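Peer 1: Following this message is one structure expressed as structure tokens.
The values are calculated or read from the model by the stated rules, or taken from the named source; none is laboratory data. What you see is a predicted model; the values in this text were computed from it and never measured. Backbone-built Cβ (ideal geometry, glycine too); neighbour counts: all protein chains shown. These accessible areas exclude ligands, DNA and RNA; they are computed on the full protein's heavy atoms, side chains included. Shrake-Rupley method; radii C 1.70, N 1.55, O 1.52, S 1.80 Å.
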Amino acid sequence: MTTQIEGPRVSGAAVPPHNLEAEESVLGAVMLSSDAANEVLERLQPGHFYKPSHQTIFEAVTRLYDANEPIDAITVSDALRRTEQLERIGGVEYLTALLERVPTTSNVDYYARVVEETASRRSLMKAGAEVTRLAM
């Protein structure tokens, strides 16, 4: 699992730091294990995820967790369907694929740390850009 610190250039700008594999592993792990969900949901927020569809999925997971509902691919897909976001994130097929991409749920703390660290880097880059803008 590699963290993308400086990615390919898109329209002359560097792609912000992110690690989609870690994001996918976190999302898959929380749908597979209530222990993983308990560990991650106290630590991460939707904004920590780089990919918008991952943010949306994590928001649905958080709503289920806050309502003390079970968290799995079926309950998450139902929650996303009720808010008309299921197809936007890639449908049930994408949620199922997330489950298949989890190497192990026991490493969810590591995956969450990677997601959190890349979010911190993006935040620092944004703050640096704002400072530069203000200094001009």
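Peer 1: Being assigned to a helix (DSSP H, G or I), closer than 16 Å to ARG113 by Cβ, open to solvent by less than 60 Å² (accessible area, probe 1.4 Å) and not basic (Lys, Arg) is the requirement here; does ALA36 meet it?
Peer 2: yes
Peer 1: Tell me the residue from ASN19, ASN68 that is under 18 Å from TYR111 (Cβ atoms) and either modelled with pLDDT of 95 or more or touching a strand residue (DSSP E or B) at 6+ places or on another chain (Cβ under 8 Å) (or both), please.
Peer 2: Of ASN19, ASN68, the one residue that is under 18 Å from TYR111 (Cβ atoms) and either modelled with pLDDT of 95 or more or touching a strand residue (DSSP E or B) at 6+ places or on another chain (Cβ under 8 Å) (or both) is ASN19.
Peer 1: Looking at segment 40-55 only, could you name the residues that are surrounded by fewer than 18 Cβ atoms within 10 Å (Cβ to Cβ) and part of a helix (DSSP H, G or I)?
Peer 2: PRO46, GLY47, PRO52, SER53, GLN55
Peer 1: In addition: Quick one: would you say TYR65 is of a type in the set (Phe, Trp, Tyr), assigned to a loop (DSSP other than H, G, I, E, B) and surrounded by 14 or more Cβ atoms within 10 Å (Cβ to Cβ)?
Peer 2: In short, no.
Peer 1: Within segment 76-95, restricting attention to residues that are in contact with a helix residue (DSSP H, G or I) (Cβ under 6 Å, 6 or more places away or on another chain) and part of a helix (DSSP H, G or I), which residue is surrounded by the most Cβ atoms within 10 Å (Cβ to Cβ)?
Peer 2: VAL76
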